[in-house]
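Scroll down for the structure; my scribbles are underneath it.
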Amino acid sequence: MEFEFRRELGGIAQLELSMGHEALARFINDELATVAAINALRAQIAAGGFSEQVPLRHEGREQTLTIAAGEVLVQDHLLHQHEQLTDPDLELYDAESEACCGLDDFEHLLHCWGEFLQGRY
C-alpha cells in the first residue's frame, strides 16, 4: 500500500493512499487527525483481546473500522444500509466505500502518519 502525506492550505494534514484504499484514507483523515486519536487506537491494538469472533471496532462519524484476524476493514455506514443493491453502476462507488489491508501495514501507516503529524516525517 503506497501512501503520501501533504499539508493543505491552512496547514491541514492530508493522507492519500493508493487506488483501492481510498476509504481507508478517508477514515484516517476524518477520524485519526490527531496524535492523541492515533495513540488511542494504537494502544487498543497493542492491548489485543480481539479476534475473528470478537473484532475490535471503531465507529467513526461516517465509517466503521474493524480489526479481526490480522485484517483491517473500513466500510461506510451507508454501505451497510444498502447491501442488497445490485445495480452495476454502484460498483465504483462501493470500491470507494470499503477498503481493507493487513494489520502490519495498517500499524506501519499509523506510525508514519503520527510522525508526519508531529513534523518528524
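The values are calculated or read from the model by the stated rules, or taken from the named source; none is laboratory data. Source: prediction; values computed, not measured. Here the Cβ is made from the backbone with ideal geometry for all residues, glycine too, and neighbour counts use every protein chain on show.
Testing residue 78 on (1) touching an Asp or Glu at 6+ places or on another chain (Cβ under 9 Å); (2) assigned to a helix (DSSP H, G or I); (3) at pLDDT 95 or above, one condition comes back false. Which one is that?
Single failed check for residue 78: (3).
Pairs needed: first member in region 53-66, in contact (Cβ under 8 Å) with a residue 40 or more places away in the chain; second member anywhere, part of a strand (DSSP E or B) and surrounded by 14 or more Cβ atoms within 10 Å (Cβ to Cβ); C-beta distance under 7 Å; at least 6 residues apart or different chains.
So the pair list comes out as 63/74; 63/75; 63/76.
State the number of residues belonging to region 43-59 that are surrounded by 10 or more Cβ atoms within 10 Å (Cβ to Cβ) and outside any helix (DSSP H, G or I).
7
Quick check on residue 27: is it surrounded by 17 or more Cβ atoms within 10 Å (Cβ to Cβ), touching a strand residue (DSSP E or B) at 6+ places or on another chain (Cβ under 8 Å) and modelled with pLDDT of 95 or more?
So residue 27 passes the test.
So which residues in region 1-54 are over 15 Å from residue 111 (Cα atoms) and of a type in the set (Ser, Thr, Tyr)?
Once the filter is applied, which keeps residues that are over 15 Å from residue 111 (Cα atoms) and of a type in the set (Ser, Thr, Tyr), region 1-54 yields 18, 51.
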